[in-house]
Amino acid sequence: MFFKIPKQKNRKALSAGIIFIVSGIMLNQWILAYFFSDGQIETFLKKALIWIIDIALIASGILIIIRNKPVSVKQILQIGVLFFISFVITEICFRLIYPAVSPVNQQFEKSEYFVPKPYVMFGGKPNHIELNRLGYKEDAPAIQRNPNEVRIFLLGGSALFEGDTTISRLLENEFHAHGFRCINCFNWGMPASTSGLELAKIVFEIADSEPDIIVMYNGGNDFMTPLWADPRPGYPYNFFIYESNPLLIKDISSYPMLSLAFYGSKILRFLFPSYFINTFTRFEKIKKEVNYGQESWKNAIVTAYLNNVIKASKTSKAFGADFMLFFQPLVYFKDKLSKEEQAFQSKTGLRKYITCLHEKFNYKIDSVNKQYKLNYADLSNIFDTCNLQTFADDIHTLPKSKHIIAVTMYKQMIQKIDSARFSGAK
């Protein structure tokens with residue numbers, strides 16, 4: 001036999017040994033179920049560390065049973081000191097080699113494009129590398145306006161923001177190519193932006209720059225953000241994190257003192273990211289409160305998006321600007337997919353979900369479009385007949401595809417917006 005169990009066992013030793021063995025067996029499943037929201041251990045290092053702890057616990061339990069002696073207070077203290085020293089050494093190593101990124105940053109990224117801003121939630125860091133003095137890409141509006149200038153402001157998410165030559169710049173080039181030399185397009189796109197944030201930007205930022213035309217190029221983030229960020233329909237990306245500030249807690253007895261102390265450890269942040277997210281935020285509870293994934297939740301997402309669009313149109317006109325909405329193309333609407341695009345769809349599995357919400361939105365906007373004169377153009381099927389790859393992922397288009405989008409937007413704007421807006425721009 002591998003080991004021999006004494007016939008007469010000390011009850012304390014047997015109990016202690018069983019506890020250690022069961023803890024070692026159960027610990028891995030417990031961590032997977034509670035601490036890792038996606039049910040997976042992302043890296044080999046995480047898996048190795050957890051298995052080392054599991055094996056150590058199981059081996060300790062077996063040794064206690066074999067020795068047939070109860071664990072003394074002295075031995076417990078020795079184990080505690082040894083564990084503390086090991087933890088300190090590991091913590092020091094992690095601080096030296098592991099990037100200083102919080103679990104919240106890992107799952108809900110906050111970078112130079114997510115600087116807190118009054119009223120509009122967040123925006124880009126002013127004058128940061130590719131960003132202008134207002135925190136947006138490309139040129140900022142001049143303080144002194146050219147008398148013949150026509151200003152077009154484009155609002156959207158990363159699909160509008162990203163690219164060496166953006167959709168905004170390509171649209172401006174298209175106007176210039178058709179003789180509208182005095183038209184300037186300003187890119188107010190920002191990663192993770194949704195229609196609610198863009199509505200706030202119209203009021204608190206764009207209105208001060210004398211806009212002539214305000215364009216929304218969106219839809220993707222409004223539909224997809226509630227799936228993996230703040231699940232409440234109409235709420236901004238990661239808003240539940242902002243409202244989870246411990247300084248706002250009224251009941252001091254519920255203050256997460258120990259959890260905040262553990263949060264100071266880099267190794268604990270590395271091993272148990274979802275524990276801190278679940279402890280510091282109401283993420284999982286909020287999902288239950290809003291009936292996450294249910295039909296009522298989907299309807300609320302569509303309604304919130306439509307309401308924001310209607311308000312944006314009314315607000316733009318109140319400031320003397322025309323308004324136009326473009327529902328952006330997504331890979332889920334394309335019929336002839338390349339191998340890469342098939343992989344994008346398979347990876348997310350969102351085709352049914354996105355098409356369902358899109359159909360609901362089109363049905364609702366058709367019923368109010370004439371009433372509010374929204375100047376709506378649906379670009380979702382713009383790449384239907386294209387066999388080549390046009391998307392870089394499920395929402396972002398390749399550089400060659402952006403030109404097609406810009407040309408289509410130009411044609412739609414010329415058709416749907418009063419020609420008087422463009423008459424003085426040549």
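The values are calculated or read from the model by the stated rules, or taken from the named source; none is laboratory data. Small disclaimer: the values here were computed from a predicted structure and weren't measured. In this analysis, Cβ positions are derived from the backbone assuming ideal geometry, glycine residues included, and neighbour counts consider all displayed protein chains. Side chains included, ligands, DNA and RNA excluded: accessible areas come from the protein's heavy atoms. Shrake-Rupley method; radii C 1.70, N 1.55, O 1.52, S 1.80 Å.
Condition check: assigned to a helix (DSSP H, G or I), out of contact with any strand residue (DSSP E or B) (no Cβ under 6 Å at 6 or more places or on another chain), hydrophobic (A, V, I, L, M, F, W, C) and open to solvent by less than 10 Å² (accessible area, probe 1.4 Å). Does Phe240 satisfy that?
Taking the combined requirement at face value, the residue satisfies it.
Might you let me know whether region 298-310 holds any residue that is closer than 18 Å to Ile382 by Cα, part of a helix (DSSP H, G or I) and in contact with a helix residue (DSSP H, G or I) (Cβ under 8 Å, 6 or more places away or on another chain)?
no
Among the numbered conditions (1) under 23 Å from the mean Cα position of the chain (by Cα); (2) in contact (Cβ under 8 Å) with a residue 24 or more places away in the chain, tell me where His178 comes up short.
Tallying (1) under 23 Å from the mean Cα position of the chain (by Cα); (2) in contact (Cβ under 8 Å) with a residue 24 or more places away in the chain, His178 fails exactly one: (1).
Filter region 162-178 down to the residues that are open to solvent by 10 Å² or more (accessible area, probe 1.4 Å) and either of a type in the set (D, E, K, R) or assigned to a helix (DSSP H, G or I) (or both) and list them by number.
Glu162, Asp164, Arg169, Leu170, Glu172, Asn173, Glu174, His176, Ala177
Do you know which residues across region 289-345 are of a type in the set (Asp, Glu), without any contact (Cβ under 8 Å) to a residue 60 or more places away in the chain and surrounded by 20 or more Cβ atoms within 10 Å (Cβ to Cβ)?
Glu341 - this is the single residue of region 289-345 that is of a type in the set (Asp, Glu), without any contact (Cβ under 8 Å) to a residue 60 or more places away in the chain and surrounded by 20 or more Cβ atoms within 10 Å (Cβ to Cβ).
Those residues that are among the hydroxyl-bearing types (Ser, Thr, Tyr) and surrounded by fewer than 24 Cβ atoms within 10 Å (Cβ to Cβ), I need them from region 219-237; list them, please.
Those that are among the hydroxyl-bearing types (Ser, Thr, Tyr) and surrounded by fewer than 24 Cβ atoms within 10 Å (Cβ to Cβ): Thr225, Tyr235.
Could you please find all residues in region 142-161 being surrounded by 19 or more Cβ atoms within 10 Å (Cβ to Cβ) and either hydroxyl-bearing (Ser, Thr, Tyr) or out of contact with any Gly (no Cβ under 8 Å at 6 or more places or on another chain) (or both)?
Matches in region 142-161: Arg151, Ile152, Phe153.
For region 198-218, how many residues are assigned to a helix (DSSP H, G or I) and open to solvent by less than 10 Å² (accessible area, probe 1.4 Å)?
4
If I go through region 99-137 residue by residue, how many of them are among the acidic types (Asp, Glu) and modelled with pLDDT under 75?
1
Based on this model, can you work out whether Glu284 counts as at pLDDT 75 or above, open to solvent by 70 Å² or more (accessible area, probe 1.4 Å) and touching a helix residue (DSSP H, G or I) at 6+ places or on another chain (Cβ under 9 Å)?
Criteria met by Glu284.
Looking at this structure, is Leu357 touching a helix residue (DSSP H, G or I) at 6+ places or on another chain (Cβ under 7 Å), within 27 Å of Asn308 (Cα to Cα), open to solvent by less than 50 Å² (accessible area, probe 1.4 Å) and outside any helix (DSSP H, G or I)?
Here the answer is no, as Leu357 does not meet what is asked.
Table: residues versus (1) open to solvent by 80 Å² or more (accessible area, probe 1.4 Å); (2) among the aliphatic types (A, V, I, L, M); (3) modelled with pLDDT of 70 or more.
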{"position": "Pro6", "(1), (2), (3)": "no, no, no"}
{"position": "Phe20", "(1), (2), (3)": "no, no, yes"}
{"position": "Ser23", "(1), (2), (3)": "no, no, yes"}
{"position": "Asn28", "(1), (2), (3)": "no, no, no"}
{"position": "Gly39", "(1), (2), (3)": "no, no, no"}
{"position": "Ala56", "(1), (2), (3)": "no, yes, yes"}
{"position": "Lys74", "(1), (2), (3)": "yes, no, yes"}
